[in-house]
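Here's the structure we're looking at; comments come further down.
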Amino acid sequence: MNEIGVVIRGESCSFDASMSVPLLNLAEHNRPYQDRMREAFDRFLASGHYIGGDQVTLFEKEVASYLGVSECVAVSSGTDALLLALMALDVGPGDEVICPSFTFFATAGVVHRLGAKPVFAEILEGSFNMDPEDIEHRITPRTKGIIPVHLFGQMADIARIQAIADKHGLFVLEDAAQAIGARHNGKHAGSFGAFGAFSFYPTKNLSGLGDSGLVSTNDPKLAAKARILRVHGMDPVYYHSHVGGNFRFDPIQGALLRIKLPDLDASIGLRQERAARYVSRLGSHPSVALSCEEAAGKKLILPETSPGNAHTFNQFTIRVRGEGARDRLVAQLKAAGIGHGIYYPLGLHQQECFRCHTGGAVSLPITEAACREVLSIPIVPEIKLEQIDEVCDRIIGFLDGGSAA
Ligand SMILES: *Cc1c(COP(=O)(O)O)cnc(C)c1O
């Protein structure tokens with residue numbers, strides 16, 4: 001196989017040039033920017049300044065203005081954005097932080113790395129996002145904060161989560177790694193909590209050419225602390241008030257991301273258009289439900305958008321119901337050269353490395369059902385609407401019981 005592009009975290013959703021509908025095609029995505037990117041690189045190379053500088057501070061200012069927050073601090077990755085935020089919020093041994101289990105590993109990994117305990121909360125069936133009621137049940141005297149994840153590109157119920165946090169004196173750190181540009185009642189993901197954490201990993205909606213990330217905040221004290229922690233807690237040079245790390249953001253990523261940022265909303269619009277196409281093509285099929293509430297007797301459930309939310313469709317994630325049904329559909333999509341991803345096959349509460357926190361005794365049935373049923377199908381702006389139709393035809397073939405191979 002002629003593998004090109006990236007192998008995403010070693011998962012089986014890489015693509016090759018012969019696929020009829022790839023899950024993503026980053027070279028194609030960056031093609032319209034290539035001339036400006038080459039110029040930016042030439043300027044960068046000639047500048048002789050390879051750490052810090054204008055491209056970092058301008059990128060931070062432009063993202064802050066896009067999000068409607070007072071300050072942003074750009075860092076080395078989305079994971080480091082979460083880690084740095086927790087460090088700035090003084091999370092350490094003895095603390096508990098409530099987060100979902102149905103998320104990418106980094107959300108809880110950073111809590112563990114600081115010696116604190118991730119406490120896994122259940123999700124809501126319809127949105128895949130944290131259930132505020134379940135969060136409240138898990139609060140103890142040791143709870144220090146909550147990390148809601150805005151999964152797949154739509155925001156968790158941030159108003160209720162923030163209200164619970166305020167009532168109990170907890171911080172909210174929004175894991176917005178998959179949700180740049182997502183809004184709730186017109187207000188951006190990352191502009192609600194003490195911090196928002198973003199990733200520009202190549203599969204995210206604003207995608208860099210490598211790793212980088214950013215924290216957003218409206219609190220000038222937290223922003224100042226984050227800036228110090230980004231360089232080993234150093235202020236002034238060689239005097240260390242805190243133990244931080246090297247979480248610096250490469251100026252070349254800043255230069256490249258600044259070229260793409262003005263197109264972000266248009267590119268989200270293309271994702272929304274593709275999502276609408278799936279809904280119009282699949283939604284009328286008798287075996288398809290438009291929401292979990294109508295799921296009785298259906299084989300497939302389309303993703304829901306919660307009230308007040310603008311969904312940015314970083315992923316278009318359907319649920320395939322019935323014993324072994326998802327695997328059978330995956331096999332048919334594979335045979336047809338259609339890309340797919342399973343985010344996520346196993347909850348974090350079931351991961352071996354977190355047995356120290358769960359004792360293997362935590363059960364989250366809604367999360368576990370999602371892990372068995374979810375399937376993400378192609379949604380990126382680079383694929384054509386006709387290709388979406390092709391995916392729909394295969395899925396309809398599967399639902400009608402025929403072989404789509
Ligand atoms: C991608 C992602 C991260 C980590 O971002 P990186 O830039 O890959 O370190 C954290 N949380 C979630 C929910 C993510 O999807």
When residues of the range 150-184 are filtered for being surrounded by fewer than 23 Cβ atoms within 10 Å (Cβ to Cβ) and either of a type in the set (F, W, Y) or within 9 Å of the chain's Cα centre (by Cα) (or both), how many remain? 1
Across the range 106-154, which residue is nearest to the ligand (Cβ to nearest atom) among those that are aromatic (F, W, Y) and either out of contact with any helix residue (DSSP H, G or I) (no Cβ under 8 Å at 6 or more places or on another chain) or closer than 27 Å to A296 by Cα (or both)? F152
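Has the range 121-137 got at least one residue that is in contact with a Leu (Cβ under 6 Å, 6 or more places away or on another chain) and among the aromatic types (F, W, Y)?
For the range 121-137, residues in contact with a Leu (Cβ under 6 Å, 6 or more places away or on another chain) and among the aromatic types (F, W, Y): present.
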For E62, all conditions in the list (1) more than 30 Å from D263 (Cα to Cα); (2) over 19 Å from the mean Cα position of the chain (by Cα) hold save one; what is the number of the exception? (1)
Assuming R271 fulfils every condition listed in (1) more than 16 Å from the ligand (Cβ to nearest atom); (2) of a type in the set (D, E, K, R); (3) in contact (Cβ under 8 Å) with a residue 24 or more places away in the chain apart from one, which condition is it? (1)
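Is it the case that A370 is more than 30 Å from R31 (Cβ to Cβ) and either modelled with pLDDT of 95 or more or surrounded by fewer than 15 Cβ atoms within 10 Å (Cβ to Cβ) (or both)? Lay out the reasoning, then the answer.
Working: more than 30 Å from R31 (Cβ to Cβ): yes; either modelled with pLDDT of 95 or more or surrounded by fewer than 15 Cβ atoms within 10 Å (Cβ to Cβ) (or both): yes.
Criteria met by A370.
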Go through the range 89-111 and give me each residue that's more than 18 Å from the chain's Cα centre (by Cα), crowded, with 17+ Cβ neighbours inside 10 Å and not hydrophobic (A, V, I, L, M, F, W, C). D95, E96
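Output yes when any residue across the range 98-105 is among the polar types (S, T, N, Q), near the ligand (Cβ under 10 Å from one of its atoms), outside any helix (DSSP H, G or I) and under 30 Å from T140 (Cα atoms), and no when none is. Show your work before the answer.
We begin by selecting, within the range 98-105, every residue among the polar types (S, T, N, Q); these are 101, 103.
Add one more test, that the residue is near the ligand (Cβ under 10 Å from one of its atoms), and what stays is 103.
Still in the list and also outside any helix (DSSP H, G or I): 103.
Now drop any that are not under 30 Å from T140 (Cα atoms), which leaves 103.
Yes; the residues of the range 98-105 include at least one that is among the polar types (S, T, N, Q), near the ligand (Cβ under 10 Å from one of its atoms), outside any helix (DSSP H, G or I) and under 30 Å from T140 (Cα atoms).
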Could you tell me whether any residue of the range 72-90 is assigned to a loop (DSSP other than H, G, I, E, B) and in contact with a helix residue (DSSP H, G or I) (Cβ under 7 Å, 6 or more places away or on another chain)? no
Go through L173, L206, L222 for me and flag whichever is within 12 Å of the ligand (Cβ to nearest atom) and not in a loop (DSSP other than H, G, I, E, B). L173
Can you tell me which residue is surrounded by the fewest Cβ atoms within 10 Å (Cβ to Cβ) among those in the range 39-53 that are of a type outside the set (A, V, I, L, M, F, W, C) and either in contact with an Asp or Glu (Cβ under 7 Å, 6 or more places away or on another chain) or over 11 Å from D250 (Cα atoms) (or both)? G48
Mind listing whichever residues of the range 286-312 are surrounded by 17 or more Cβ atoms within 10 Å (Cβ to Cβ), assigned to a loop (DSSP other than H, G, I, E, B) and touching a strand residue (DSSP E or B) at 6+ places or on another chain (Cβ under 9 Å)? A295, K298, K299, L302, P303, T312
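With the structure loaded, tell me whether K167 is outside any loop (DSSP other than H, G, I, E, B) and either within 16 Å of the ligand (Cβ to nearest atom) or more than 22 Å from H242 (Cα to Cα) (or both) or whether it fails that test.
Working: outside any loop (DSSP other than H, G, I, E, B): yes; either within 16 Å of the ligand (Cβ to nearest atom) or more than 22 Å from H242 (Cα to Cα) (or both): yes.
Judged against the criteria, K167 is a match.
The values are calculated or read from the model by the stated rules, or taken from the named source; none is laboratory data. This is a predicted model, so every value here is computed, not measured. Note: ideal-geometry Cβ built from the backbone for every residue, glycine included; neighbour counts use all protein chains shown.
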